[in-house]
1. Of LYS8/LYS87; LYS24/LYS58; LYS58/LYS131; LYS8/LYS28; LYS28/LYS48; LYS28/LYS131, which sit over 20 Å apart, Cα to Cα?
2. Find, among the GluC sites (Glu not before Pro) in segment 45-136, those assigned to loop by DSSP (not H, G, I, E, B) with at most 12 other beta-carbon atoms within 10 angstrom.
3. Within the chain, which is the longest segment that contains none of the trypsin sites (Lys or Arg not before Pro) sitting in a DSSP loop with at most 16 other Cβ atoms within 10 Å?
4. Compute the normalised compactness of the chain: alpha-carbon radius of gyration over 2.2 N^0.38 Å, N being the residue count.
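Read the figures in this text as sums done on the coordinates, not as results from a lab. Keep in mind it's a predicted model, so treat the numbers as computed, not measured. In this analysis, Cβ positions are derived from the backbone assuming ideal geometry, glycine residues included, and neighbour counts consider all displayed protein chains.
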Amino acid sequence: MQHLKETKSAHENLKTWLAAFNAKDINKLISLYDSDSIYAGASAALSKGIEEIEQRYKKAFSTVKGTLLFKEEAFFEENNMALLVCKYYFQPQVVSENAGNTGRVALVYRRSPEGRWLLLFDMDNQPPDVKPEDFD
């Protein structure tokens, strides 16, 4: 798997991840994950490892509409670990049976021995305090 140079920080990983997600570029997206990654979605079964996460996104990309936006709420970094907490919003608002238009994510990153920040843990939920108006 080819790794990208843009992951010298957790923020750079997220920026690249968002661009890859919105372009539905599965290869670029998956290259941003740590080999031990876990995805815990609000409306999906737990996905463990890059292969399961890749299958999840391949399936999701066939139904995802709109542009995913993130707004940072908190950031913590210590040694080789980082945590980003963000609000998210799919613009324009689209009603879906499987997912909400707004929510919150907790993203945990781990720095590899080569110095790349890779996504290790991704958990999202759909709390009532995140609204489309937060992204105006």
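1. LYS8/LYS87; LYS58/LYS131; LYS28/LYS131
2. Working: sites: GLU51, GLU52, GLU54, GLU72, GLU73, GLU77, GLU78, GLU97, GLU114, GLU133; in loops: GLU97, GLU114.
In loop regions of segment 45-136 (DSSP not H, G, I, E or B), the sparsely surrounded GluC sites (Glu not before Pro) are GLU97, GLU114.
3. Values: sites that count: LYS5, LYS8, LYS24, LYS65.
Within the chain, the longest run free of exposed trypsin sites (Lys or Arg not before Pro) spans 66-136.
4. Details: Rg = 14.2 Å, N = 136, 2.2 N^0.38 = 14.2 Å.
Taking N as the residue count of the chain, the ratio is 1.00.
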